[in-house]
Each structure stands twice: as structure tokens, then as C-alpha cells.
Amino acid sequence: MNEVAEFPFHKGAKGALYVVAVLLIVLVVTIPVAIYCFFRIGKAKVTISRTGVRAEGLILTDSFEFADVARLGLLKVQLAARGLGGALANAKLGGLGYGMNVVVETRSGKTIKFISNQYERHEELIAKIKQSVSVPCETIEMGVFKMKWPDRAA
């Protein structure tokens, strides 16, 4: 892959996060946090280059190099929220009712993850990452408190 591919937040994610930022303004004390949210919503995207991935989200920015990937997995987390919070979260996740996390374990043992279905064309995003790494993609299960990688074949 020679070109750089960018995947910004999709319309539903932006709308849900803008509602949250407006609600933060109502509290007055959290106006600086709301301003930061407005700034990050416009800037958030996943960028896939020849050498790696950079995921800029609402709060964190994660990145990894393809050559440094020891394990790649997909973690599907069901949405458990109800009411207004659940509706906003579901809009942020593209109305799918679950968050599809791309999880990478680097050779140094560091775990990096981001929610892929809050970005446009998330299926294409996952396909490009799978195509660019040299390890197979695994399905990760969610335990009671943390995710669990499948056992490696001996």
C-alpha cells in the first residue's frame, strides 16, 4: 500500500459527540472540556500509511507500526447502555449496537486498541490493517473485566 488512507468520524459519531459537548457547556464548569471536545471531534480520524496506523480519537491518540505487530485481533463489545446515553452511544457506533475494537499487541507487549466502527468505512479500515500486517487476525473474547486473547497453537 503506497497511499495514505484516512477514515474520519462518521456523521452519527460526530453528531452524538457534539450533543455531549453541548451538554458539557450547560454545566458551565466543564466549558474548557467542551471546547477541547469540539476541537478533537473535528480532528479525529484513523490514518493508515505504508508503515503503520495512527488513530486519533476524542481523547487519546494511538499509533503502531505494522512491523511491530505481534498479534492482531478484533474484539466485539456489546452496547449495554439504555436511555439517552444508550441512544448517543449507539449513534456513535453507527447504529450497530456494538463496538468493534481493533486490538494490537506489539512485540514489546504493549496493547493498543481503538473502536473502529465510529469511523467512516470501518470495514475497509479493518481490511487494510489485516492486509498490511504479517500475522493472522484473531477473534478476542470479552471476559468479566478484561479481554482475553485466544490460546496460540503450539
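Data for the structure
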read-out	value
Derived scalar couplings ³J(HN,Hα) [the stretch 7-18; Karplus, 6.51 cos²θ - 1.76 cosθ + 1.60; whole Hz; x for Gly, Pro]	10, x, 3, 7, 4, x, 5, 4, x, 5, 6, 5
Karplus 3J(HN,Hα) series, Hz, for the stretch 45-52 with 6.51 cos²θ - 1.76 cosθ + 1.60 (x for Gly, Pro)	5, 10, 10, 10, 10, 4, 9, x
Over the stretch 84-154 - Rg/Rh using Cα atoms and the Kirkwood inverse-distance radius	1.01
Sequence ranges 97-104, 121-128, ranked by mean other-Cβ count within 10 angstrom, highest first	97-104, 121-128
Largest-first ordering by accessible area, 1.4 Å probe, given options Phe66, Phe39	Phe39, Phe66
Calculated Rg and Dmax of the stretch 1-92 using C-alpha coordinates, Å	15.9, 47
Computed [θ] at 222 nm, helices only, for the chain once each DSSP H run of length n ≥ 4 contributes -39500 (n - 2.57)	-10000 deg cm²/dmol
The chain: angle of helix 83-92 to the longest principal axis, Cα-based, in degrees nearest 10	50
Accessible area of the chain divided out per residue, in Å², using a probe of 1.4 angstrom	58
Amide H contacts under 5 Å for Ser63, placed H, 5+ residues apart	Ala55
Rounded percent of accessible protein surface that carbon and sulfur make up, the stretch 1-148, 1.4 Å probe	61
Proximal aspartates and glutamates to Lys113, defined as alpha-carbon separation beneath 15 angstrom and excluding residues fewer than eight positions away on the same chain	Glu56, Asp62, Glu65, Asp68, Glu105, Glu138, Glu141
From phi via Karplus (6.51, -1.76, 1.60), per-residue ³J(HN,Hα) for the stretch 24-34 in Hz, x at Gly/Pro	5, 5, 4, 6, 6, 4, 8, 4, x, 5, 5
Accessible area (Å², 1.4 Å probe, nearest 10) - Ile25	70
Histogram of C-alpha separations across the stretch 9-154, 5 Å bin width, %	2, 9, 17, 20, 19, 15, 10, 5, 2, 1, 0, 0
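The values are calculated or read from the model by the stated rules, or taken from the named source; none is laboratory data. Computed from a predicted structure; not experimentally measured. Note that we place each Cβ from the backbone using ideal geometry, even for glycine, and neighbour counts take in every protein chain shown. Note: areas computed on protein heavy atoms with side chains; ligands, DNA, RNA excluded. Shrake-Rupley method; radii C 1.70, N 1.55, O 1.52, S 1.80 Å.
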